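The structure appears below as structure tokens.
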Amino acid sequence: MTIFGLLQNTLQKYDWGSRTAIQELLGNTEFSSEPAAELWMGAHPKAPSRVDQGGQWIALNELIAQNPQAVLGEHVARKFHNQLPYLFKVLAAAKPLSIQAHPSRAQAQAGFEFENNQGIPLNATHRNYKDANHKPECICALSPFWALYGFRSIADILRRVGEICPNGLGSELNRLKKQADPGGLKLFFTKLMSLETGKKMQVIDEAIQNVSKRLDQAPEFHWTAKLGAEYPSDIGVLAPLYLNLIQLTPGQALFLPAGELHAYLEGVGIELMANSDNVLRGGLTPKHIDVPELLKVLNFRPRKIKLLDATHLDKTEKVYASLAEEFVLSVIKISNDDLYQKSNMASAEILLCTEGDARLEDSDSNHRLHIKRGDAAIVFAAAESYFIKGNAVLFKAAVPP
């Protein structure tokens, strides 16, 4: 087993993906008619990366199973049960993703066990829990990136929804005004998600008519109209009125813990998360929505948004603060006069080159690997140390030391 190698990664072709963004990153000049939504880098059994080992391409999860300590490092292999604890992605959204939240680890374990005991197949469309893990995540913008994240303040919800749906949601707004706390917000959201079809369509029609007169007044009105065009019968079109609407500039990031309702609306970003596929949906999707289960995991405390800006670790590397034990994201920028050097490897690290090209070298064996824009490589814990030379920007996924 070599100590690092290039990766071959799987493209996920979901309907909301871009037909150009990931393709351009990978150097494809002939675009497919199919949208490419995500590029997965990691060892998730649904789509494991393959690693070049002396000209032979081997699935990363198989390499880990063969020699977990060499790939992951002794401590990480023991702590995470011989599993790579993170999943690294490029995400390209040309259309909005579903509104969703992720469970805590305890909720995921309980839900996964319950659905297993019910005999629900893992690939069933109505299955909520695909594994027993939680899914904290970090998204870092490569382009201007729009997202919804966490509930607005109750005063802001009353004002915004009151402007747009004063008739259809008048009684619900009055109840929220009388109980302006997380319990009242939960009741308001529950009612919104449980509207019978006729009332729901009245609310959506009222909202679309009112925002169309106010498109220039606030970006949430613009996005409500845009979502209404994409999902004309989905109550999730109101989400920009009750969730925080955020635009990340390139280089800014968000950390999303368990229980926070969110949706990615538009843009290209680097995403890093715990190695899980658990999603509970809350709108903007034709897929299964389990409202009672969603209500169990949601945090109904209004969230004040704190964007992540990378802080310098040294001259060449900036790190995004992570509250997760499974992953940490950093960005490496080197010019021809710079040298990035890493020692005391905590575990396997995945590097994605987004600009330029560089040479990766092992400090001991002088093994070399050339990487260019669109290439991804993995460095195993057995490397102990390595360095990078060249003129490039690379995003790095790692396990916190």
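With respect to the numbered conditions (1) farther than 25 Å from Ala77 by Cβ; (2) among the charged types (D, E, K, R); (3) at pLDDT below 95, which one is the sole condition not fulfilled by Asp364?
(1)
Quick check on this structure: which one of Ala346, Ala324 is touching a His at 6+ places or on another chain (Cβ under 8 Å), part of a loop (DSSP other than H, G, I, E, B) and not β-branched (Val, Ile, Thr)? Write out each step before concluding.
On the way: Ala324 fails: touching a His at 6+ places or on another chain (Cβ under 8 Å).
None of the others qualify; the one that does is Ala346.
Any chance you could count how many residues in the stretch 44-63 are within 20 Å of Ser276 (Cβ to Cβ) and in contact (Cβ under 8 Å) with a residue 60 or more places away in the chain?
Selection size over the stretch 44-63: 4.
Is there any pair with a first residue in the stretch 113-132 that is under 16 Å from His288 (Cβ atoms) and a second that is small (Gly, Ala, Ser) whose Cβ atoms are under 8 Å apart and which are 6 or more apart or on different chains, and what are they?
Every condition considered, the pairs that remain are Asn128/Gly111; Tyr129/Ala108; Tyr129/Gly111; Lys130/Ser276.
Considering each of Ser365, Ser330 in turn, give the residue that is out of contact with any Lys or Arg (no Cβ under 9 Å at 6 or more places or on another chain) and of a type outside the set (Val, Ile, Thr).
When all the criteria are applied, what remains is Ser365.
Residues to consider are Gln118, Gln109, Gln179; find the one that is within 30 Å of Val211 (Cα to Cα) and surrounded by fewer than 20 Cβ atoms within 10 Å (Cβ to Cβ). It would help to see each step written out before you state the result.
On the way: Gln118 fails: within 30 Å of Val211 (Cα to Cα); Gln109 fails: within 30 Å of Val211 (Cα to Cα).
Of Gln118, Gln109, Gln179, the one residue that is within 30 Å of Val211 (Cα to Cα) and surrounded by fewer than 20 Cβ atoms within 10 Å (Cβ to Cβ) is Gln179.
Determine whether the stretch 349-369 contains at least one residue that is touching a strand residue (DSSP E or B) at 6+ places or on another chain (Cβ under 7 Å), of a type in the set (Gly, Ala, Ser), surrounded by 21 or more Cβ atoms within 10 Å (Cβ to Cβ) and assigned to a loop (DSSP other than H, G, I, E, B).
no
Name the single residue that is surrounded by the most Cβ atoms within 10 Å (Cβ to Cβ) among those in the stretch 370-401 being part of a loop (DSSP other than H, G, I, E, B), of a type in the set (D, E, K, R) and touching a strand residue (DSSP E or B) at 6+ places or on another chain (Cβ under 6 Å).
Here is the first cut: in the stretch 370-401, the residues part of a loop (DSSP other than H, G, I, E, B) are 373-375, 380, 384, 399-401.
Going one step further and asking which of them are of a type in the set (D, E, K, R), we end up with 373, 375, 384.
After this cut, where a residue has to be touching a strand residue (DSSP E or B) at 6+ places or on another chain (Cβ under 6 Å) as well, the list is 373, 375.
On the way: Arg373: 18, Asp375: 23.
Top of the filtered list is Asp375.
The values are calculated or read from the model by the stated rules, or taken from the named source; none is laboratory data. Worth saying up front: this structure is predicted, and the values here are computed from it rather than measured. Every residue, glycine as well, gets a Cβ built from its backbone with ideal geometry; the counts of neighbours run over all protein chains shown.
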